[in-house]
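Reviewing the structure listed below.
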Amino acid sequence: MHFLVPWMLFGALSAGIPVALHLLRKSKPTVVRWAPMEFLRKSLKETSKKIRLRDLILLLLRMTILILTALALARPSTLSLFGSGPVDAVILIDNSQSMSTLEGQTSRLDMALTSAKQLLGNLPTGSKARIISLTDHTVELSYNNSNESDAIASALLQIKPTDRSSNFYQGFANAIDLLKTSSFSQRKIFFFSDMQRPGWQNESSSFKTLVQNMPSSISIHMIRHGSDVDSNIQILDFQPTAGIILANQRQTWGLTVRNRGIKPATGIKTTLGLGSDFETAESAVIEKLDAGEERSITIDLLIPEDGHQIVKVVAGNDRFSRDNQKEKIVLARKKLQVLIVGAKSEIDANRDNTFFLYHALRSGSSDSSNSGIEVKVASGRGATPDTLDETDIVFMVDPMLAGSDSVSDGFMEKLENWVSVGNTLVYFAGSNYAAVSDSNIKNAGKFLPTTNPTPNLVPSTIATENFPPVGWFNRFRSAPLNLINQSEFRKRVTFETSKDYQTSALGYFSDNQPLAEMKQLRAGFITLLPWVPDLSYSDLPLRPSFVPFIQTLLSRILDTLNDAKNPLISREMSLRLQPQDLIGGEKYKWVSPTGTALAASMEKSVDEVVFRGEFLTPDAGIWKLETSPPSNSNTNTKNLIAVQASNEEGAELNPLQESEIDEILGKNVSHQNNTGEASITGSTGELTNLLLYLLLLFFVFEMFFAWWCGQPL
Amino acid sequence: MNEIPAHNQAKLLEQAKYLGLRALTLVEGLRVGDQKSPTRGFSVEFAQHREYVPGDDLRHIDWRGYARTEKYIVKQYEQETNYTAHVLLDLSGSMSYGAAGKSKHEMAQLLATVLCQIAASQGDAVGLKTVDNPAYPERLLSFTPSTKSNRLKILLNQITALVPGPEREQENTPPLLSTALRQISERQIRKGMVIVISDFLEPWPLLLKEIFEIRARGHDLLLVQVLHSDEIDFPMEGQILFEDLESSGSLVTRPQLLRTAYQKEIKTWLDEIDVSCTRLQATHLLIRSDKPPEDELLKMLALRLMKKRVAKIQ
């Protein structure tokens, strides 16, 4: 047992007051000259024992009351959380997305903050505390004085729920660093979290090393908030099945929904609509989704206007609601303008190497006149800078870049700028590029990689099993589209890589070389394919899966174009606008989905204006860039971005077991569960309440006894 | 003196005189008085019949009785006489308890005054003796019984002049009252009335022995016990040092804690006195010094008168 306010124990000395009063009373009695002394003596003899006993009982009662009062004020505690003496505490608060899960009417985060506040209030006198909120990055809140309730409340108020994922390692690392240099004998880390699996499993291997190297005087205490979740409906993604979003056309959207709970969910109403407030919407109901089941459904939607639009989907309603909805900003077009720049086929002089590609792109709709894609082919010097002005996407197929068949003057420079401001180029690279001598094309080397024919190529196929399991190309993992792997590639090129390249592969050949790669070029990107869709390279253009492949590639590319408007949640956000789209104003600010305003910085160049913001705790949802003071252009949808939360948090809402956490840490630590109302005070083992009850009991008994004895206090 | 207003005192005396202080036993006196004499002669009041013996006065032969029984019987008559009243007034240390005007001492003086005047008004001889520590000779009074009015006057003046004594040092005193009673029983020849005015706070067995002796000698006995209400009810509160008025003892206690037991002891003692007096055919009168005594005194006198009349009838 120890005492949280030990100096109050000196109050127990007041137990001597009743004794002193008792003695004082005896020393100064009233004197009465009395005649019938014999009777007095007799009656005294009869009752003296009773009187002495009563006196003793009263004295003991009064002393006990004073001692109990002193003890209660000294706040004894049997808590293993606090030993005796002050504590240097680091409070880690998990405010990742999963902490917004409701437990009754209260979120896990609110419960954790309440617990933390109680624990901070119960720290022994002279303690010190730092508060760190952590998701997958840490924020240390400046707070250096413990036992100041206003400072505590203020520090805790700064912790807001976020839509970020969990990664606890960095938080613990920061906490241990802070405590390493502490001079306190008691150094403790208190972690308030729902102990969700992903938070522990990210960098789990590093945890053990971290804890092993931690000074032995630092102790870790886990306080878990949150109960198991029965069912959790999660929207994984949604996109138009056609890839191209056309204005004023009813289109089918594909929605992927998953139940990440442990029990089936039924009657899941899924709504897809336009605008954050569902200006128009359509719904479908999933009758039942078993635990762990993932299902794709389709809903049709008509977007009446072209331009950037907000599309929102909501599915079901459960305790963790953050992943029940998603919003995206999409670009609805009246038509998709595609430019194909190519050259003559190597093996067939009567046609261009763009032939198969052209038809594949045109065949995207049953009614080609209404497909929404307008494809232009420019061969040789037909590709002029002006043609880019009304183009949305450029396919370049190994243009004959030699001699008079090279592209027009200035085309490549403009192409580079055009891509970098947010457009996209699909480059089917062939071996002819190596033979470039034209100065126009040489300049293109700045943004297009040099290629070399792949030497000694063993004919290879497309490894369909290596396509990503989610996303557009998932469909090629299974029949019938997986028959694309029967196509044999006899000829390929190899891109010269440089350290500036950062690409992401969309698929692989059977020899593990990328089938297609995406490379970022400022606001735009280039898709690099080391082959030409021509029979000189492979028989793929003749196969049934070629058209779906090209259509899927197009959808993937268009979807990626939207990524800039739908960034994954991050501390830094940015929005690129073209100068003509710049909203007027002197200062700019970001406005979050919850209405919080944050400063926005601006960088201007000839081609673009970039607005950036650093968000401590970004929310998923629609963020607006607004001028300050406000202007009419604040309603422009070009000023919007839709921040996307990771699906990771909702994938595993139930906590890691205590033994599993201990195993990850490589050490047994103390665990505490507050699955209902936060009661960190009750778990502290403080005996104050018990002592106060006893005190009241004794006090009442003393009053009654003293009255009965004829000796009220 | 006790706080009985003067006109009430006069009224009390008048009423008391009317009731008289009757001897309930046979007393011996030298003069004709109101009291019964133990001797039988020929007087006014018929007492009993006896057989005629030669020499009896023929005037006393009960001729009606002869007519009835054809035997000669004579009437005998009560010989009425006065008595000597001996008043013992206890002025020992224990009698000083009580505030001025309500002390036992003052009440005892009052009662002595009244009783002496009653007896004197009946033609009875009154004598008085005070009982006190011989260390205070000025407080020791002794008046031989007399019927002379001037003697009575002096007696009453002396009694009145007695003022409550100063605060005394605690002293170990012998049982003064027992001694005084013994002296009476040893010296007195003629049967008379003994009136004892005291708190009787001496060992009761000793007192009882002397009282028994007095009664055995045929004296009528009136015990007027004067106590303060405090001594009966014990109402005090708080921490009190009780110092004995007649010894060197003291005691610190809280009366509220002892009250019940004390009252029980006092009641037992008073009951014992009552029972003893009843058994000995003595009269016991309890007077509270802090309360007016008229009711109790007159009640006692009336009771004695009634008893006397009942006895005469019988």
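Table for the structure above
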{"read-out": "Options A:159, A:132; residue that is within 20 Å of residue A:593 (Cβ to Cβ) and modelled with pLDDT of 75 or more", "value": "A:159"}
{"read-out": "Within segment A:202-312, strands (runs of 3 or more DSSP E) holding 3 or more residues that are among the hydroxyl-bearing types (Ser, Thr, Tyr)", "value": "A:265-274"}
{"read-out": "Complete set of residues in segment B:266-286 that are closer than 11 Å to residue B:232 by Cβ and buried (at least 16 other Cβ atoms within 10 Å of the Cβ)", "value": "B:266, B:269, B:270, B:286"}
{"read-out": "Of all residues in segment A:519-533 being hydrophobic (A, V, I, L, M, F, W, C) and at pLDDT 85 or above, the one that is surrounded by the fewest Cβ atoms within 10 Å (Cβ to Cβ)", "value": "A:531"}
{"read-out": "Criterion: surrounded by fewer than 19 Cβ atoms within 10 Å (Cβ to Cβ), modelled with pLDDT of 70 or more and part of a helix (DSSP H, G or I) - qualifying residue of A:346, A:413, A:374", "value": "A:413"}
{"read-out": "Search result, residues across segment B:185-220 that are under 24 Å from residue B:101 (Cα atoms), touching a strand residue (DSSP E or B) at 6+ places or on another chain (Cβ under 7 Å) and assigned to a loop (DSSP other than H, G, I, E, B)", "value": "B:199, B:200"}
{"read-out": "Sole exception among (1) free of Cβ contacts under 8 Å to residues at least 40 places away in the same chain; (2) of a type outside the set (Gly, Ala, Ser); (3) more than 7 Å from chain A (Cβ to nearest Cβ) for residue B:257, by number", "value": "(3)"}
{"read-out": "Segment B:268-295 residues that are over 21 Å from residue B:220 (Cβ atoms), paired with ones that are in a helix (DSSP H, G or I) (beta carbon under 6 Å, 6 or more apart)", "value": "B:288/B:229; B:289/B:104; B:289/B:107; B:290/B:229; B:294/B:12"}
{"read-out": "Hits in segment B:183-212 (condition: in contact with a helix residue (DSSP H, G or I) (Cβ under 7 Å, 6 or more places away or on another chain), more than 14 Å from chain A (Cβ to nearest Cβ), modelled with pLDDT under 90 and under 16 Å from residue B:224 (Cβ atoms))", "value": "B:184"}
{"read-out": "Extreme residue, nearest to residue A:569 (Cα to Cα), among residues of segment A:641-655 that are of a type in the set (A, V, I, L, M) and in contact with a Gly (Cβ under 8 Å, 6 or more places away or on another chain)", "value": "A:643"}
{"read-out": "Criterion (more than 14 Å from chain B (Cβ to nearest Cβ) and modelled with pLDDT of 90 or more) met by exactly one of A:108, A:75", "value": "A:108"}
{"read-out": "Members of segment B:242-254 that are facing chain A (nearest Cβ under 7 Å) and over 34 Å from the mean Cα position of the chain (by Cα)", "value": "B:252, B:253"}
{"read-out": "Check on residue A:259, of a type in the set (S, T, N, Q), modelled with pLDDT of 90 or more and crowded, with 22+ Cβ neighbours inside 10 Å", "value": "yes"}
{"read-out": "Positions within segment A:22-64 being away from chain B (no Cβ under 11 Å) and surrounded by 13 or more Cβ atoms within 10 Å (Cβ to Cβ), in sequence order", "value": "A:57, A:58, A:59, A:60, A:61, A:62, A:63, A:64"}
{"read-out": "Residue within segment B:54-71 that is of a type in the set (Val, Ile, Thr), surrounded by fewer than 23 Cβ atoms within 10 Å (Cβ to Cβ) and part of a loop (DSSP other than H, G, I, E, B) present", "value": "no"}
{"read-out": "All strands (runs of 3 or more DSSP E) inside segment A:424-504 with 1 or more residues being modelled with pLDDT of 85 or more, of a type outside the set (Lys, Arg) and touching a helix residue (DSSP H, G or I) at 6+ places or on another chain (Cβ under 8 Å)", "value": "A:424-428, A:493-495"}
{"read-out": "Failed condition for residue B:221, given (1) surrounded by 16 or more Cβ atoms within 10 Å (Cβ to Cβ); (2) facing chain A (nearest Cβ under 8 Å); (3) modelled with pLDDT of 90 or more", "value": "(2)"}
{"read-out": "Scope segment B:260-285; condition away from every other protein chain (no Cβ under 12 Å) and of a type in the set (A, V, I, L, M, F, W, C); matching residues", "value": "B:273, B:275, B:277, B:280, B:282, B:285"}
{"read-out": "Residue within segment B:232-252 that is surrounded by 16 or more Cβ atoms within 10 Å (Cβ to Cβ) and more than 30 Å from residue A:52 (Cβ to Cβ) present", "value": "no"}
{"read-out": "Odd one out for residue A:189, checked against (1) β-branched (Val, Ile, Thr); (2) modelled with pLDDT of 90 or more; (3) closer than 26 Å to residue A:288 by Cβ", "value": "(3)"}
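The values are calculated or read from the model by the stated rules, or taken from the named source; none is laboratory data. Every value quoted in this text rests on a predicted model; they were computed, and no experiment measured them. Ideal geometry is used to build each Cβ from the backbone, glycine not excepted, and the neighbour counts take in all protein chains shown.
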